[in-house]
Every structure is written in structure tokens, then in C-alpha cells.
1. Criterion first (out of contact with any strand residue (DSSP E or B) (no Cβ under 9 Å at 6 or more places or on another chain), open to solvent by 10 Å² or more (accessible area, probe 1.4 Å), aliphatic (A, V, I, L, M) and closer than 23 Å to residue 29 by Cβ) does residue 124 satisfy it?
2. Taking the stretch 169-179, which residues are surrounded by 13 or more Cβ atoms within 10 Å (Cβ to Cβ) and of a type outside the set (S, T, N, Q)?
3. Restricting to the stretch 55-69, and then to whatever is in a loop (DSSP other than H, G, I, E, B) and touching a Gly at 6+ places or on another chain (Cβ under 6 Å), can you tell me which residue is least open to solvent (accessible area, probe 1.4 Å)?
4. Identify, from the list 97, 109, 90, the residue that is within 16 Å of residue 50 (Cβ to Cβ), touching a residue at least 40 places away in the same chain (Cβ under 8 Å), among the acidic types (Asp, Glu) and surrounded by 16 or more Cβ atoms within 10 Å (Cβ to Cβ).
5. Given the options 193, 141, 150, name the one that is of a type outside the set (Asp, Glu) and more than 28 Å from residue 60 (Cα to Cα).
6. Any idea which of (1) more than 15 Å from the chain's Cα centre (by Cα); (2) at pLDDT below 95; (3) of a type in the set (Gly, Ala, Ser) is the one residue 115 doesn't satisfy?
7. Yes or no: residue 72 more than 13 Å from residue 112 (Cβ to Cβ) and either assigned to a loop (DSSP other than H, G, I, E, B) or open to solvent by less than 30 Å² (accessible area, probe 1.4 Å) (or both)?
8. Report the residue count in the stretch 75-100 for those that are among the charged types (D, E, K, R) and outside any helix (DSSP H, G or I).
Amino acid sequence: MSDDHTHVQEFFGARAADWDARFPDDGPAYAAAVAELGLREGDRVLDAGCGTGRALTPLRAAVGPSGAVLGADLTPAMLQAAVRAGRDRDGQLLLADVAALPLRSSSLDAVFGAGLISHLPDPAENLRELARVVRPGGTLALFHPIGRAALAARQGRRITPEDLRAEPNLRPLLAGSGWRMTSYVDEDARFLALAVRVG
């Protein structure tokens, strides 16, 4: 396992047990972001880096009983927390690396990634892997329940020009990885970039 993977597992593993308690008010923001994906009954969607599975319930509501919801995460403790919260009833949980997903090419209609991009070891390559598993015309949502400035303040740091989530950085990163950005919102209450799979 790479050092990046070990770091991610250690970071999130240590925080998994009380993750939901630390962010109890995020539910409406997750539901609103999922709504913007434009999912339909019967769609197949992946929550990439699903953590404790907070997006799984709104994703299931969006695709209905005939749809498929998958949640993939690298950290076993996060998936265990998702099971304790009963969210495994809303989607199938996979212990998997989003850099090498055990899914067929073009098998999904959409990917939802909350707080994902800043934890990817190779963002361009990893976004290409997400594009691989989504059909042409499918969608990607990169989401965070608070915006970049609010998150930086919470973490006691400043936003740098190199921040991957800054629009001038994210747009070409997505374009080089098989995606075309269709909307971008970065405000205190949320961060949401939507993209469509090209090709």
C-alpha cells in the first residue's frame, strides 16, 4: 500500500467513530448537492470516498428501488461506521480505492464525491478512473458541505493559489481527465462543482 493510502486510512480511521457527531448538520447540504446531480429512477451511482455514507440515503432516494447505489471507501473504519448508522441499507459498500475501482467501464450514470479531491494522491489519474466507470454523458459532483474559505478557516490555514478546488485549477484538471465542468459554486455554505463525462 502506498504512503498516501496509509496516511488517508490513518487520518480517517482515527476519526471514523465520531465523524457524524462532529458534523451533525450536514444532511440538508448533502441532499441538495445530490439533487443537483439530476439522477433519475433506475440510475446507477457511486459515492466515491463515501466515508460514513452520509450521501447514500439521498442517493437512494434519487434513484429509487430500481437503481443501484454503491459506496466505495479506502478506510475500513469509515465503512464500519456507515454500517452502524444503517446506511448499508441504502447502498452496497465496497472497500476499494477510487484509483482502481472494481467496476466495469461505462457502468455508472454518475459519481458523487464529497470532500474527495483533496485526498486523491494523483488527482488527474484518479479523475480519469472515475471517468472510466461513468458512461459518456454521465455526471460527476465534487462537493463539500462548506466552501473553500470556510473550510480553510476551520482548519486554521489560508487558501493558496495552488488549491485544486479553485475554479482556474479545477476546470483544466477535469478537462484533462475526461470531464467538462458545467457549473461551479464556492460559497460559505457549500462547494459544488458539476461535470459531465465527455467522449
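The values are calculated or read from the model by the stated rules, or taken from the named source; none is laboratory data. Keep in mind that what you see is a predicted model, and the values were worked out from it rather than measured. All Cβ positions, even for glycine, are placed from backbone atoms using ideal geometry, and neighbour counts span all protein chains on display. Side chains are part of the model used for accessible areas, which takes the heavy atoms of the whole protein and leaves out ligands, DNA and RNA. Shrake-Rupley method; radii C 1.70, N 1.55, O 1.52, S 1.80 Å.
1. Numbers: out of contact with any strand residue (DSSP E or B) (no Cβ under 9 Å at 6 or more places or on another chain): yes; open to solvent by 10 Å² or more (accessible area, probe 1.4 Å): yes; aliphatic (A, V, I, L, M): yes; closer than 23 Å to residue 29 by Cβ: no.
The answer is no for residue 124.
2. Answer for the stretch 169-179, where residues must be surrounded by 13 or more Cβ atoms within 10 Å (Cβ to Cβ) and of a type outside the set (S, T, N, Q): 170, 171, 173, 174, 175, 178, 179.
3. Within the stretch 55-69, the subset in a loop (DSSP other than H, G, I, E, B) is 55, 64-67.
From what is left, the residues that are touching a Gly at 6+ places or on another chain (Cβ under 6 Å) are 66-67.
Details: 66: 78, 67: 13 Å².
It comes out as 67.
4. 97
5. Sole residue among the options that is of a type outside the set (Asp, Glu) and more than 28 Å from residue 60 (Cα to Cα): 150.
6. (1)
7. no
8. Restricting attention to the stretch 75-100, the residues satisfying the condition of being among the charged types (D, E, K, R) are 84, 87-90, 97.
Narrowing the set further to residues that are outside any helix (DSSP H, G or I) leaves 90, 97.
Total meeting the criteria: 2.
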